[in-house]
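See below for the structure under consideration.
The values are calculated or read from the model by the stated rules, or taken from the named source; none is laboratory data. Worth saying up front: this structure is predicted, and the values here are computed from it rather than measured. Don't worry about glycine lacking a Cβ; one is built from the backbone with ideal geometry, like all the others, and counts go over all protein chains shown.
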């Protein structure tokens, strides 16, 4: 009986996302945004769970500023736009995307070194991915496998429709690190979210004056393949536009130094646009319980 109930619940979850995609693609943009803004305001007022964690994280990066409501609205905007992206025209995406130091991206993609774009959870990375695909920067990325499988496949299909090539983090035929390495060695481009990893494999960094842990994978890939490691940060501009900022390549030295270089670039960008950083989980080690094994790695 339990497997049958689980299957029904999975089908409902998958179906609800499919229905949301269909409904929001057909809805006028202004109506959709007002709907999501209202939901964001309600969530911010109620608090709890990830909202309380977001509040605490924002206090670390922008102490004394009352950013919770605009930050939750920013996160809601990401989801609203993500649902609507398949219905947006090429011109809408390209013309409303503003870039900073785009020559760094073009120079790396035009070389044979390979390019690793590393991003924090900020702005709208699906819109940025769509812009890349529409401006001749195809790339490969990794996605955490969701449950149910049908829901995960919907997200994969959606992102592939925007021009991304998506690898599952787990459950694939090959280790994702090997596949990414091959792509980089061939001069290709990959894109990885890289501002949180509380596993023993992560690298401790100084982030806004306290110790956080970030993934070692991007720096390791750069060292092993010779690819350019390029922090890439995202933010919203006004009500309809996006910004992608490309930061100078992190010099190839060693894993701790390179990961700290990524963290420093993230810190600078988040300080400029704190409300667009969507970190709803614990990040700093001293936010973990004293007996949490992740504190020591």
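A few comments on the model shown:
- Being in contact with a strand residue (DSSP E or B) (Cβ under 8 Å, 6 or more places away or on another chain), assigned to a helix (DSSP H, G or I) and either surrounded by 16 or more Cβ atoms within 10 Å (Cβ to Cβ) or without any contact (Cβ under 8 Å) to a residue 24 or more places away in the chain (or both) is a condition met by at least one residue of region 75-89.
- Hey, residue 126 within 18 Å of residue 165 (Cβ to Cβ) and surrounded by 15 or more Cβ atoms within 10 Å (Cβ to Cβ) or not: yes
- The requirement of being touching a strand residue (DSSP E or B) at 6+ places or on another chain (Cβ under 8 Å) and within 28 Å of residue 164 (Cα to Cα) is not satisfied by residue 60.
- Of all residues in region 24-33, those satisfying the criterion of being in a helix (DSSP H, G or I) and over 18 Å from residue 71 (Cβ atoms) are 24, 25, 26, 29, 30, 31, 32.
- Restricting 262, 250 to those that are under 18 Å from residue 117 (Cβ atoms) and without any contact (Cβ under 8 Å) to a residue 40 or more places away in the chain reduces the list to 250.
- The residue pairs whose first member lies in region 214-228 and is farther than 13 Å from residue 183 by Cβ, whose second member is modelled with pLDDT of 95 or more and assigned to a helix (DSSP H, G or I), and whose beta carbons are closer than 6 Å, counting only pairs six or more residues apart or on different chains, are 214/259; 214/263; 216/255; 219/255; 219/258; 219/259; 228/108.
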